[in-house]
Amino acid sequence: MPLFADASSAAVFPASVTFDLDGTLLDTAPDLTNACLRALEDLGKPPRKAHEIRDFLGKGAEHLMRSCLARPEYTPSQEEESAATARFLARYAEENGRAARPYPHVEEGLRAFAKAGLPLAVVTNKRLSFAVPLLEKTGLARFFTVIVGGDSTPFLKPRPEPLLFACQNMRAAPALNLHIGDSENDALAARAAGCRVFLVPYGYTEGRAPDNALFDAPVSDLLAAFSLAQTFSGVRAAPSPPLTERMTD
């Protein structure tokens, strides 16, 4: 595999690859939507439309249920949010992996990266207790040496810590890591960690397209990402300033 030689370090890029999970590797919206709707019904709350729930995905279970409960005329209490999150997690434990499917060319792309001898990791805001069985059920777990969940570090993406933790466990330099995701969360996390980042167009973006200035290149799928990584010579953007506030979603 002809890889890009980083002129500043004479090292080979990419030396490792990290991947977002929901919206990048797997379409998990059906399972998450069913769990949300069942949780809302359990609590006697009005339902949400599927497209609304999709726009709430990506920032963790607490954010998801807070958004499902909130209305223009109504702000849920902390107790209501906590109860809704607990109910959602219970329902999602039943739904996780039932309808989730890999996006087109995901397995082929992962196989190409793995065949090139690169260590691969998943970095997701999903709790590890859900991420690991989901990857196992969908047959993707075999590709990864490291899986970082939303509870693996004290912070979630867009903070850089989950990506840095993955790189540390792969013994890979963040500057030589390629992150592939679907959202602004991924772009911001990668930039802050000092990684290059490609974004796919088909995932969960909270209803808005990420700013092109935040990522290095768009890719149609993981096979396209593999092809681009072989020839990529773009200059890596400087890391964003450190985030000072802890993400709690």
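The values are calculated or read from the model by the stated rules, or taken from the named source; none is laboratory data. In this text, all values refer to a predicted model and were calculated from it rather than measured experimentally. Quick reminder, even Gly has a Cβ in these numbers, built from the backbone with ideal geometry, and neighbours come from all protein chains shown.
Every residue, every condition in (1) touching a Phe, Trp or Tyr at 6+ places or on another chain (Cβ under 6 Å); (2) crowded, with 20+ Cβ neighbours inside 10 Å; (3) over 23 Å from residue 229 (Cα atoms), yes or no:
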residue	(1), (2), (3)
142	no, no, no
148	yes, yes, no
154	no, no, yes
164	no, yes, no
170	no, yes, no
173	no, no, no
177	no, yes, no
181	no, yes, no
For the range 42-99, give me the residue count where each residue is among the polar types (S, T, N, Q) and buried (at least 16 other Cβ atoms within 10 Å of the Cβ). 3
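Listed here are the residues, each with its yes/no results for (1) under 19 Å from residue 156 (Cα atoms); (2) aliphatic (A, V, I, L, M).
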{"position": "38", "(1), (2)": "no, no"}
{"position": "46", "(1), (2)": "no, no"}
{"position": "55", "(1), (2)": "yes, no"}
{"position": "58", "(1), (2)": "yes, no"}
{"position": "65", "(1), (2)": "yes, yes"}
{"position": "81", "(1), (2)": "yes, no"}
Answer with yes or no whether residue 103 is buried (at least 20 other Cβ atoms within 10 Å of the Cβ), under 20 Å from residue 185 (Cβ atoms) and among the aromatic types (Phe, Trp, Tyr). no
Looking only at residues that are polar (S, T, N, Q) and in a loop (DSSP other than H, G, I, E, B) in the range 106-140, which one is surrounded by the most Cβ atoms within 10 Å (Cβ to Cβ)? 124
Read through the list (1) surrounded by fewer than 19 Cβ atoms within 10 Å (Cβ to Cβ); (2) under 24 Å from residue 194 (Cα atoms), then give the number of the only condition that residue 160 fails. (1)
State whether one or more residues within the range 171-178 are in contact (Cβ under 8 Å) with a residue 12 or more places away in the chain, part of a helix (DSSP H, G or I), among the polar types (S, T, N, Q) and over 28 Å from residue 92 (Cα atoms). no
Just the residues that are surrounded by fewer than 10 Cβ atoms within 10 Å (Cβ to Cβ) and modelled with pLDDT under 80, please, taken from the range 194-234. 208, 233
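Rundown of residues vs (1) touching a residue at least 60 places away in the same chain (Cβ under 8 Å); (2) in the same structural domain as residue 166 (by TED's automatic domain parsing); (3) outside any helix (DSSP H, G or I), yes/no style:
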{"residue": "18", "(1), (2), (3)": "yes, yes, yes"}
{"residue": "24", "(1), (2), (3)": "yes, yes, yes"}
{"residue": "35", "(1), (2), (3)": "yes, no, no"}
{"residue": "38", "(1), (2), (3)": "no, no, no"}
{"residue": "41", "(1), (2), (3)": "no, no, no"}
{"residue": "47", "(1), (2), (3)": "no, no, yes"}
{"residue": "51", "(1), (2), (3)": "no, no, no"}
{"residue": "59", "(1), (2), (3)": "yes, no, yes"}
Residues (assigned to a helix (DSSP H, G or I), more than 12 Å from residue 63 (Cα to Cα) and among the hydrophobic types (A, V, I, L, M, F, W, C)) located in the range 75-99: 83, 86, 89, 90, 93
